Every structure is written in structure tokens, then in C-alpha cells.
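Worksheet: the structure to be examined is printed underneath.
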Amino acid sequence: MFGDWGHGICLLLAALYLVIREKKFSSQKLGDIMEMAFGGRYIIMMMALFSIYTGFIYNEFFSVPFELFAPSAYGCRDSSCGDASTTGLIKVRDTYPFGVDPKWHGTRSELPFLNSLKMKMSILLGVSQMNLGIIMSYYNAKYFENDINIWYQFVPQMIFLNSMFGYLSLLIIIKWGTGSQADLYHVLIYMFLSPTDDLGENQLFFGQKLLQLVLLLLALVAVPWMLVPKPFLLQKQHKERHRGQSYSLLFNKDDPDESESQSVPSNIDDEFDFSEVFVHQLIHTIEFVLGAVSNTASYLRLWALSLAHSELSSVFYDRVLLLAWGYNNTIILVVGVFVFICATVGVLLLMETLSAFLHALRLHWVEFQNKFYEGDGYKFFPFSFTLLTDEDDL
């Protein structure tokens, strides 16, 4: 979801209106767009709450920063430093307690700084959700009492994902905490290309090189761990399950009816096709290994969405509202405010919300659910308030 607590509040008020008056709307015939919004009122409310939360982190209210939690930690070095767009800012107070310091807005380094912040936050959120998906696969295997999937799917997948991107997430947090200037992408790339090289200025903590070697070995071991044992164990399990079923029941030769009713085919189930199972496991392993990279990169769409929303909001505020305000003309001011409201509602609240919802839906369906959802014949029943109401009535 985009990060602007002003837009988030507007969206939250609209969602609360639909929730409060849901009994009235549920009994009326609504248009296509209104019916779609009413059906997703709780999703819109959750998106609005998350937009308010991330808006506090980015410190944006209709693209305007506020000193909500404390004064800015930075001040002017001398009288020639007139505003935040000039050089000469120095740290004069404690670090801003929550979110982005308001002095960052309007500086030359604002865009690189916010890009780096939002990119790293997207990676942290993506790795966390993918780990949650793998944990869900553990509970699926536990529910169906499938120990093979626990030890030869869940465990190596957790090791492989966190040896690479879990470690990257750890480096991001350490870099934030220490203020290091290390290039994390250089660290991750050369962790595989040149694992024995000296880290130099990219070293964040003592023993980092040894830890990277251990994680690299774990990642390399996890791939054959996922691929090789499971087909052989499934074949052994199949043989044990069908042992003794190639025999037929005894019957009376003089009674043909009994012969037909009690005879059992010598081959009840199809034979275990080891090559097919192995190829399927090979595809699943390759898909997970490549998906660990592509899925993590896919979460960067959250950074792109936030960046696009922030820039559009800034353009509408600076080039429409402030521009109209500067003319000192009532008619131009009214037109400017009207255009600003229409642009905010039409583009930033409607189109951007729909775009954020579709991207979030894709991340849930592809990057998250492919870690545990298999769709092997169990019918999917979506969550429905109507079904809950019917059950309560019964």
C-alpha cells in the first residue's frame, strides 16, 4: 500500500462509512463499482490502516512532512543555511524517534535516501512473508502427518531462503543500526562469486566472512537435500503400503458368483513411476531455487508503488495547489483547489488504491501461496461473512 497518512485517513473514512452502513447497502441494489467497493470494504479498511502506518514512517501527509513525534534532529550550521534545500545542516538533537526525519524532505539527497529506505523495507517485508509461507507448509505437512515433506521440503527450503535473503535482511538491520556505508548488494553477490575474498569496507561485524562461508555451504547442501531423498523415500513408502496386495482372496471354485464377488485384481494401484516423481521433484526444486530470487525481486514492486504515489502527490501539491495559491486570485485559487481535490480523489485514492490492491493480490497469490498451497483436489472455499451468518442461524 502507498505510504501517506493523509490519503490513508481519507480512505479509512470511506471504508468505515461502508462498514457502518453495511446493513443498508447489503439490502440495496448497487452499481458495479459501488458493489465492488462494498464487497471489499474490510480489505480497503486494512489497506487504509497500513497506509497510515507507512505514512507515519515516511512522514508524508499529502506529500507534506510534519514534526509529529519530536523536533527535527538537524538544524542550520549558520545563518546562511535558510532552508532544508541548502547545505550546512548539522545534527543538533537526538535522532528523530519514529520514521523519516522531516528535514530530509526537500533536500538534494531526499530521493536517493527514500529509495534506499523503501527498497530495503520491501525486501524485509517480502522475506518475512515468504518465510511465513514456508512455515504454513510445515503446518500442512503436520496436519496430514507427512514427515517426508517436513524433513525434505520444509527444512531445506527454510535453510536455503534464509542462507541468502534472510542473511541479507540481517545485514540491512545491522546497517541501519550501525550507520555503516557497506554495499550490501556487493556483499551478497561476491558471497557466491568470491567467498574467500577479504570484505574490506563492506565488513559489518566480526566473523562475517566465516558466517558467509557457512551459509553458502548450507545453501549448496539444501538443493540436493530437496531434490534427491524425497523420490526414493516416496518409492519406499509406496512399496511398504502395497506390500501383500498382489494376492487374491480364496473362493469356492464351484460358486461362480462368489468367484466374481471376492476376487481381487492382482494390481490394485498403478505402479510407482519413479522417473515421473523424480522429474516432478526436480521441477519443484528448480522452481523454488529460482523463485527465491525472482520472488524477492518481485516484492520491490512495493517500493515502486510507494515511489510513484509519493512523486504524484508531490507534483499535485507543488504544481497545482501551491501554484494556484501563489497567484493571489480567488478564481484561480478555487479552480486550483478543485483540480487538486479531483486529482487526489481520482488518481491518488481510486486509481492508486486499485493498483496497490492488485499488486498486493499478486504477491499473496504467487509469491506467498506458492510456498504452501498445492491445489491437489481439495476444493477452495473463500472466506465469506454470509456463510458465517448462515451457520449462526442454524
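The values are calculated or read from the model by the stated rules, or taken from the named source; none is laboratory data. Keep in mind it's a predicted model, so treat the numbers as computed, not measured. Note that we place each Cβ from the backbone using ideal geometry, even for glycine, and neighbour counts take in every protein chain shown. Calculation scope for accessible area: heavy atoms of the full protein, side chains included, ligands and nucleic acids excluded. Shrake-Rupley method; radii C 1.70, N 1.55, O 1.52, S 1.80 Å.
Over the chain, accessible surface divided per residue gives 62 Å², non-protein components excluded, 1.4 Å probe. If you filter the stretch 323-394 for GluC sites (Glu not before Pro), then keep DSSP loop positions with at most 15 other Cβ within 10 Å, what is left? Answer by residue number: E374.
Give the angle, between 0 and 90 degrees and rounded to the nearest 10, that separates the Cα long axis of helix 274-298 from the longest principal axis of the Cα atoms of the chain. With both axes taken from Cα atoms, the answer is about 10 degrees. The figure for L218 is an accessible area of roughly 70 square angstrom, using a 1.4 Å probe on the protein chains alone.
In the chain, excluding the sites themselves, the longest stretch lacking any of the trypsin sites (Lys or Arg not before Pro) that are in a DSSP loop with at most 16 other Cβ atoms within 10 Å is 109-242.
What does the net charge come to around L213 if you take all other residues with beta carbon closer than 14 Å to its beta carbon, with K and R at +1 and D and E at -1?
-1
Annotation for the stretch 120-219: chymotrypsin sites (Phe, Trp or Tyr not before Pro) lying in DSSP loop with at most 12 further Cβ atoms inside 10 Å of their Cβ are F144, F205, F206.
The GluC sites (Glu not before Pro) found in the stretch 268-345 that occupy coil by DSSP, while having at most 13 further C-beta atoms within 10 Å, are E271.
Find the relative contact order for the stretch 1-66 and round it to a whole percent, using C-alpha pairs within less than 8 Å whose residues are 6+ positions apart. Let's see the in-between values first.
Details: 80 pairs, mean separation 41.3, N = 66.
Normalised by residue count, the contact order of the stretch 1-66 is 63 percent.
3J(HN,Hα) couplings calculated from phi for the stretch 47-53 with the Karplus curve 6.51 cos²θ - 1.76 cosθ + 1.60 (θ = phi - 60°) are, in sequence order, 5, 5, 5, 5, 5, 5, 4 Hz; Gly and Pro show x. Given the choices [x] 1.00; [y] 1.15; [z] 1.12, Rg/Rh (Cα atoms, Kirkwood Rh) derived from the coordinates of this structure is entry [z]. Each of D101, D273, D147 has its accessible area taken with a 1.4 Å probe; listed largest first, they run D147, D273, D101.
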